[in-house]
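J.: Let me begin by handing over the structure; questions about it come next.
Each value in this text was obtained by applying a stated rule to the coordinates, not by laboratory testing. Bear in mind the structure is a predicted one, so any value in this text is a computation, not a measurement. Quick reminder, even Gly has a Cβ in these numbers, built from the backbone with ideal geometry, and neighbours come from all protein chains shown.
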Ligand code: OFO
């Protein structure tokens with residue numbers, strides 16, 4: 001496998017693993033603050049990021065490279081409120097999109113069309129994840145300080161987590 005491509009794929013493995021840990025920390029915070037639907041959504045999202053990481057690990061190894069399993073720094077324990085959680089989530093996803101775009105760019109520079117093809121799955125995934133994070137954030141802003149609205153929002157997130165789980169089926 002092309003060494004430059006292998007290095008950026010390994011950086012991406014670290015980013016997906018960090019995303020999984022970050023969303024796990026958010027899920028745990030939501031659960032301990034009575035936002036059980038939000039927690040379920042974030043636990044599911046954390047699992048999805050782990051799946052993104054595993055998909056990369058397997059791809060690197062199957063193509064003759066060596067996947068590096070990273071050590072991770074401790075994510076935050078506390079968040080200001082639910083808006084802060086989803087604002088951070090959106091910013092994090094924008095950073096991931098930038099690194100996926102960089103990966104695409106390096107594949108083209110190195111003429112590694114197989115990896116370029118593989119990475120297209122992540123390009124589409126990022127589009128969906130960014131759109132979802134923006135929609136959720138817009139809803140939170142609409143709700144403002146309305147407690148009844150927050151209750152319904154939390155319940156809706158639980159439903160959407162269950163739907164996402166069912167649509168994904170058994171992963172990796
Ligand atoms: Fe949401 O980051 Fe993975 O790809």
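J.: With axes computed from alpha carbons, what is the tilt in degrees of helix 82-109 against the longest principal axis of the chain, rounded to the nearest 10 within 0 to 90?
T.: 10
J.: Something else now. Summarise the long-distance tail of P(r) for the stretch 3-168 by giving the % of C-alpha pairs beyond 27 Å.
T.: 29
J.: Something else now. I want to verify a result. In a Gaussian network model of the chain, Cα cutoff 10 Å, which of these has the top mean-square fluctuation: 122, 23, 113?
T.: Of 122, 23, 113, the Gaussian network model singles out 113 as fluctuating most.
J.: Oh, and also: Comparing 40, 147, 111, which has the greatest mean-square fluctuation in the GNM of the chain with Cα pairs linked when under 10 Å apart?
T.: 147
J.: Can I ask one more? Classify the stretch 108-172 as rounded, prolate or oblate from the Cα gyration tensor: take a ≥ b ≥ c as the square roots of its eigenvalues, call it rounded if a/c is under 1.5, otherwise prolate when a/b beats b/c and oblate if not.
T.: Cα axes put the stretch 108-172 in the oblate bin.
J.: Suppose R0 equals 22 Å; then what is the FRET efficiency for residue 3 and residue 121 from their Cβ-Cβ distance, rounded to the nearest 0.05? Mind showing how you got there, number by number?
T.: Working: r = 23 Å, r/R0 = 1.03.
Here the calculated transfer efficiency is 0.45.
J.: Quickly work out the residue 167-to-residue 145 label distance, labels modelled 7 Å from Cα along the C-beta direction, and quote it in nm with one decimal.
T.: Here the modelled spin labels are 3.5 nm apart.
J.: With axes computed from alpha carbons, what is the tilt in degrees of helix 147-168 against the longest principal axis of the chain, rounded to the nearest 10 within 0 to 90?
T.: Approximately 30 degrees, to the nearest ten.
J.: GNM, the chain, Cα, under 10 Å: largest mean-square fluctuation among 25, 133, 39?
T.: Result: 133 has the largest fluctuation of those listed.
J.: By per-residue mean of other Cβ atoms within 10 Å, what is the highest-first order of 148-157, 71-80, 86-95?
T.: Listed from highest to lowest mean packing, they are 86-95, 148-157, 71-80.
J.: Right, next: Using only Cα atoms, tell me the angle between helix 36-62 and the longest principal axis of the chain; keep it within 0 to 90° and round to the nearest 10.
T.: So the inclination is approximately 0 degrees.
J.: Moving on to the next point. Sum -39500 (n - 2.57) across every DSSP H segment of at least 4 residues in the chain, then divide by the residue count to get the 222 nm mean residue ellipticity, nearest 500. Before the final figure, lay out each step's value.
T.: Numbers: 5 runs with 138 residues, N = 172.
So the helix-based figure for the chain works out to -28500 deg cm²/dmol.
J.: Next question. Can you give me the relative contact order of the chain as a percent, contacts being Cα pairs under 8 Å and 6 or more apart? Before the final figure, lay out each step's value.
T.: Numbers: 164 pairs, mean separation 53.0, N = 172.
In percent, rounded to a whole number, it is 31.
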